[in-house]
Amino acid sequence: MRYPQIMAMDTDLVTVYRSADNDAEQDANAVRNLLVRNGLNPQVFDDKSPGVVEGSWEVRVPGSETQEAEALIAGVDVEDAGKVDPSHDLDMVTIEELQGATGEMEALGIQSILDANGISALILGSSTLPNLSFTVQVAREDVERAQTALEEARAAGPAAAAEAAMETDRPV
């Protein structure tokens, strides 16, 4: 799995995006996903992190990636954000179908792996009817990247997930 090269004590991080809107967390994660898709190593920080203004969210990148990150963010057309893309690149495609008592938990784990790789995923299923399957879907344009990320995660095993969580001070 291509884990972003994140170092918990990296002091050479530069803020390239900050928001205190009602959707600040969602917006910061969208910016992070954009930057990850373009090969950068962003980190998202909330107001519990040192140096972040109360009520806001920030996206930071290593200093060497600042110009590229700012150019990518500046290239997003905010006015065009609500317009529908008529191409089939964004059609949802099922990449995993999980059944049984652990199906929902496995789907959530897969979604977490994809999210860490900047890939948005949708889980379909019903917790009230766990005998039915849970499916994980991604946009058609992300299928290959999603399958690669999942293959790498499976090859790395649970030890890699625990190690990555320790590096970023997040629970597994």
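How about segment 101-110: which of its residues are surrounded by fewer than 19 Cβ atoms within 10 Å (Cβ to Cβ) and not charged (D, E, K, R)?
Correct list: Ala101, Thr102, Met105, Leu108, Gly109.
Is there a residue in segment 93-103 that is assigned by TED's automatic domain parsing to the domain that holds Thr148, part of a helix (DSSP H, G or I) and at pLDDT below 90?
yes
Looking at the structure I just gave you, is Ile73 modelled with pLDDT under 90, under 21 Å from Arg145 (Cα atoms) and among the β-branched types (Val, Ile, Thr)? Walk me through how you get there before you give the answer.
Working: modelled with pLDDT under 90: yes; under 21 Å from Arg145 (Cα atoms): no; among the β-branched types (Val, Ile, Thr): yes.
No; evaluated as a whole, the condition is false for this residue.
Look through segment 127-172, keep the residues that are assigned to a loop (DSSP other than H, G, I, E, B) and at pLDDT 80 or above, and return whichever of them is nearest to Leu108 (Cα to Cα).
Here is the first cut: in segment 127-172, the ones assigned to a loop (DSSP other than H, G, I, E, B) are 127-133, 168-172.
Restricting the remaining residues to those that are at pLDDT 80 or above gives 132-133.
Values: Leu132: 16, Ser133: 13 Å.
Per the criteria, the residue is Ser133.
The values are calculated or read from the model by the stated rules, or taken from the named source; none is laboratory data. Everything quoted here is computed from the prediction, not taken from an experiment. Note that each Cβ is placed from the backbone with ideal geometry, even for glycine, and that neighbours are counted across all protein chains shown.
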